[in-house]
Amino acid sequence: SQTFVEKIDPRSVADVVFTWPQSIAKVVRSCEIPTDVVLGIDLSGSMNNDGGAPPQPVTAALEAAGQFVGTLRAKDQVAVTTFATHAQLTDTLTNNREALADKITSLKIQPAEERGFTNTVEALQMALGELDSERHNPDARRVLVLLTDGLPTAAGNADVVEQAIKQAQVLREQNIDVYTIGLGENVDRAFIQSVASDNKKAYFAPTGSDLAAIYKEITSSLCEVGPTKIDVYAKTKTNFAVIE
């Protein structure tokens, strides 16, 4: 549509009404800013609890994580840390997303972990270290996406649940957005929410088949949200000249 004003006198003020064929959103998403993402994937023995051949839910979980990596943009980087009795940084930050997606889907739970532990604390520490490393793009936002099916566990009497919550707070204080995904019908919802940056970044997947939609929503939320900005430029039939 067009807005036409017949005349505005010099040094005068006039009210002008603009119209658009469709309503304008009050906020918009910008995907121009790159993102460095660490995927934290629980590979403890409990991730095999659903049984099946191949085991579920870990197979569906890994496939969904691989698809998530494939949806990221060219300037984004991804790293992977897995955790069971101990955490391991299996891949440092890279933008070779296709190769990384293939590696994620080939991950396996080690037989010894059937009687092992879930070292979420170490996974959080490892994610922070990678997002603080020289491989981090200083122009990128930093994100951790943590997938787990249960509470942290460890040998002895250490309160590893509280330690994990405190470590997640350290990440948030370093301006790292923490997304959490609780897998399984009996996952501790309070823990998943306490580790996430806020409740909107905490997700719950009763089964592995629910993960694809959750990762898709996280991908969308990685774009920066801001208020809509509208620039108005006046066009005239007169060419103005500056006389000095």
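The values are calculated or read from the model by the stated rules, or taken from the named source; none is laboratory data. This is a predicted model, so every value here is computed, not measured. Cβ sites come from the backbone with ideal geometry, for glycine too, and all protein chains shown count toward neighbours. Just so you know, the surface numbers come from the protein's heavy atoms only, side chains and all, with ligands and any DNA or RNA stripped out. Shrake-Rupley method; radii C 1.70, N 1.55, O 1.52, S 1.80 Å.
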| Test result for residue 101, under 19 Å from the mean Cα position of the chain (by Cα), open to solvent by less than 100 Å² (accessible area, probe 1.4 Å), at pLDDT 85 or above and more than 24 Å from residue 129 (Cα to Cα) | no
| request: Look at residue 176 and say whether it is open to solvent by less than 10 Å² (accessible area, probe 1.4 Å) and either in contact with a Phe, Trp or Tyr (Cβ under 8 Å, 6 or more places away or on another chain) or aromatic (Phe, Trp, Tyr) (or both). | output: no
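Condition check ((1) of a type in the set (Phe, Trp, Tyr); (2) touching a Pro at 6+ places or on another chain (Cβ under 8 Å); (3) open to solvent by 30 Å² or more (accessible area, probe 1.4 Å)) across all residues:
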| position | (1), (2), (3) |
| --- | --- |
| 40 | no, no, no |
| 68 | yes, no, no |
| 93 | no, no, no |
| 108 | no, no, yes |
| 119 | no, yes, yes |
| 135 | no, no, yes |
| 138 | no, no, yes |
| message | Suppose we keep only residues that are surrounded by 15 or more Cβ atoms within 10 Å (Cβ to Cβ) and among the β-branched types (Val, Ile, Thr) within the range 194-240. Which one would you say is modelled with the highest pLDDT? | response | 195
| task | Go through the range 88-137 and count every residue that is farther than 23 Å from residue 74 by Cα and among the acidic types (Asp, Glu). | result | 3
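Restricting attention to the range 183-191, does a residue exist that is surrounded by 14 or more Cβ atoms within 10 Å (Cβ to Cβ) and within 21 Å of residue 37 (Cα to Cα)?
Yes, some residue in the range 183-191 is surrounded by 14 or more Cβ atoms within 10 Å (Cβ to Cβ) and within 21 Å of residue 37 (Cα to Cα).
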